[in-house]
Ligand SMILES: [Cu+2]
């Protein structure tokens with residue numbers, strides 16, 4: 001993406017020499033402590049070795065000498081400094097895990113950090129990551145989100161599918177090739193554990209680069225933060241229902257711009273790199289410290305925005321800086337024009353869902369001062385709620401006074417003659433009068449340099465339909481795919497023969513009911529597939545960010561339902577898909593195209609066959625669908641699921657099993673499988689079958 005040689009030359013001329021001597025391609029202020037072992041992860045190193053130690057910590061405790069603190073004015077004060085007269089030094093703030101400054105809550109840290117340290121490697125390096133679980137009561141497993149894991153599915157980090165959970169006190173080593181380059185992240189794949197903070201950036205620098213531009217940059221890890229409930233409590237509340245004892249009412253989901261659902265979990269605070277303010281009202285916060293990004297006037301900066309959020313999508317903008325250039329999504333460069341491959345994707349803001357990554361550049365060309373980078377949820381809040389739902393970070397121009405607790409951001413101005421463009425909308429419109437235009441990925445983004453040959457999937461052998469939603473009735477409507485509520489197997493699928501997996505064949509599955517089983521679809525190796533991902537039928541209502549492990553895919557079409565172009569509200573689901581055996585109220589467990597002419601994949605109207613964008617996490621609009629294509633060339637059982645962990649834990653997941661009949665070689669198994677056995681909580685005994693792989 002960037003010209004290495006030129007960077008080195010410019011680096012020597014412009015930047016401090018130390019940046020060049022380290023051999024670090026990217027040099028950002030955000031990196032902080034690293035996990036890298038000395039002598040690895042450099043540009044010329046063959047390996048990148050990292051040690052990650054996972055343990056619990058408390059927020060609002062200073063480190064290394066723990067003292068409880070409280071926030072005011074964007075600074076921290078000792079618990080016994082009642083009036084807030086003696087602010088603690090900036091370094092102390094930096095070393096304190098604050099989250100949103102409310103209470104002193106337990107979080108999960110990696111190497112003592114929340115979020116964990118950024119792992120920065122070069123494409124092609126052999127990654128060797130040692131994970132040590134020092135949590136006292138929790139097991140874990142780490143997924144490398146965006147890494148293709150070519151021939152290394154055993155390092156994909158999905159408990160009960162590619163490995164046993166790492167038990168308290170155990171170590172586990174992940175080995176995989178650093179591919180593909182771009183902005184990725186690592187996170188716990190153990191149910192909803194990510195929401196406690198177990199995540200961090202994973203940046204893979206390209207080996208060769210060609211864009212003659214140099215940027216400094218920042219990593220922006222987004223999270224929605226519930227300062228009351230741990231993951232298990234959240235899950236139980238989702239199952240049992242959300243109540244408000246003060247109003248004596250159910251909590252109903254909040255709604256998006258298009259009127260579709262979000263969550264009954266009330267948003268507390270948004271965090272950027274683990275820091276945020278809790279807004280007690282629409283305009284007043286608890287003044288907890290924010291992440292500060294230092295910029296110099298007139299320079300360009302690259303922001304790598306990673307959504308590690310649990311539930312909420314965000315619209316990201318920078319106050320006073322209405323011109324952002326989108327560079328990449330999910331690690332793949334994108335542009336706005338198919339033919340020149342150079343037209344920039346210039347927008348005012350963009351929407352990012354859990355699991356997505358969006359890189360953008362911005363020039364620090366405004367009046368020097370303090371601005372806010374803001375990630376607002378897509379909720380349309382009733383003013384009577386008197387709440388503000390956003391994550392914020394400070395953009396501070398050098399040589400201007402510090403303002404540690406700036407007021408809430410002023411939105412950028414959008415007018416009839418100069419409307420604001422928002423990229424990556426999972427709906428068609430913003431309400432008329434807001435002067436905001438939606439650009440969706442399918443129509444506006446093109447892959448800049450297709451790294452995967454689209455010719456491989458120009459012709460596809462098979463089309464498969466998967467409906468992600470909450471099918472069911474008023475009594476039972478769990479997360480599911482095609483009405484199949486996913487059940488984790490008791491031992492990793494990777495180590496069982498395909499036929500031994502208890503699939504859905506004998507389960508009580510049907511066109512108008514929901515069943516429980518380990519839903520997996522066998523894909524033939526090296527065959528090109530077209531997948532239609534939908535959110536229709538009575539389980540619709542929540543746009544879902546769907547993530548595929550081990551593969552990137554081309555997004556060839558996003559199909560929407562019908563919307564009111566004045567109010568922007570969703571009206572009707574798409575009529576492009578027919579649901580077999582449909583009765584009302586209807587599930588949609590078995591789908592096909594309404595028009596048989598669409599059975600010829602390249603005859604589908606509006607399909608994009610030239611430079612379609614490449615993703616690994618795609619938002620399926622409520623009442624609509626997305627068509628993706630990929631060649632099943634990477635052997636293994638790949639998890640395919642909603643990136644909203646609560647939904648996946650509830651069953652909105654499945655496995656795409658490439659070449660399921662072949663076994664992994666002993667060498668592969670030896671690489672990964674030196675671990676104690678899983679504990680089968682169902683049978684209440686240890687499973688011995690996978691205890692030892694013969695050497
Ligand atoms: Cu992933």
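The values are calculated or read from the model by the stated rules, or taken from the named source; none is laboratory data. Everything quoted here is computed from the prediction, not taken from an experiment. Glycine gets a Cβ as well: all are built from the backbone with ideal geometry, and neighbour counts include every protein chain shown.
So the values come out like this:
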| quantity | calculated |
| --- | --- |
| Unmet criterion (only one of (1) more than 16 Å from the ligand (Cβ to nearest atom); (2) crowded, with 18+ Cβ neighbours inside 10 Å) for residue 124 | (2) |
| Residue count, the stretch 645-663 (criterion: at negative phi and away from the ligand (no atom under 14 Å from the Cβ)) | 12 |
| Test: residue in the stretch 580-588 that is under 28 Å from residue 194 (Cβ atoms), at pLDDT below 95 and surrounded by 21 or more Cβ atoms within 10 Å (Cβ to Cβ) | no |
| Single residue of 404, 423 found to be at pLDDT 95 or above and in contact with a helix residue (DSSP H, G or I) (Cβ under 8 Å, 6 or more places away or on another chain) | 423 |
| Within the stretch 142-159, considering residues that are part of a strand (DSSP E or B) and crowded, with 24+ Cβ neighbours inside 10 Å, the one nearest to the ligand (Cβ to nearest atom) | 145 |
| Conditions (1) modelled with pLDDT of 95 or more; (2) crowded, with 23+ Cβ neighbours inside 10 Å: number failed by residue 563 | (2) |
| Members of the stretch 542-594 that are under 26 Å from residue 263 (Cα atoms), part of a strand (DSSP E or B) and within 16 Å of the ligand (Cβ to nearest atom) | 544, 545, 546, 547, 548 |
| Filter pass, residue 129 being touching a residue at least 24 places away in the same chain (Cβ under 8 Å), part of a strand (DSSP E or B) and within 16 Å of the ligand (Cβ to nearest atom) | yes |
| Count of the stretch 229-250 residues which are more than 11 Å from residue 265 (Cα to Cα), out of contact with any strand residue (DSSP E or B) (no Cβ under 9 Å at 6 or more places or on another chain) and either assigned to a loop (DSSP other than H, G, I, E, B) or free of Cβ contacts under 8 Å to residues at least 24 places away in the same chain (or both) | 7 |
| The lone exception for residue 613 - which of (1) within 14 Å of the ligand (Cβ to nearest atom); (2) farther than 26 Å from residue 483 by Cα; (3) buried (at least 24 other Cβ atoms within 10 Å of the Cβ) it fails | (1) |
| Meets criteria (within 16 Å of the ligand (Cβ to nearest atom), modelled with pLDDT under 95 and part of a helix (DSSP H, G or I)) for residue 174 | no |
| The stretch 240-286, residues that are surrounded by 13 or more Cβ atoms within 10 Å (Cβ to Cβ), under 30 Å from residue 538 (Cα atoms) and more than 27 Å from the chain's Cα centre (by Cα) | 243 |
| For residue 117: the one exception among (1) more than 15 Å from the ligand (Cβ to nearest atom); (2) farther than 20 Å from residue 221 by Cβ; (3) assigned to a loop (DSSP other than H, G, I, E, B) | (2) |
| Selected residue [over 30 Å from residue 523 (Cβ atoms) and in a loop (DSSP other than H, G, I, E, B)] from 403, 421, 437 | 403 |
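Listed here are the residues, each with its yes/no results for (1) under 30 Å from residue 177 (Cα atoms); (2) in contact with a strand residue (DSSP E or B) (Cβ under 9 Å, 6 or more places away or on another chain); (3) surrounded by fewer than 17 Cβ atoms within 10 Å (Cβ to Cβ).
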| residue | (1), (2), (3) |
| --- | --- |
| 60 | no, yes, no |
| 65 | no, no, yes |
| 71 | no, yes, no |
| 79 | no, yes, yes |
| 97 | no, yes, no |
| 100 | no, yes, no |
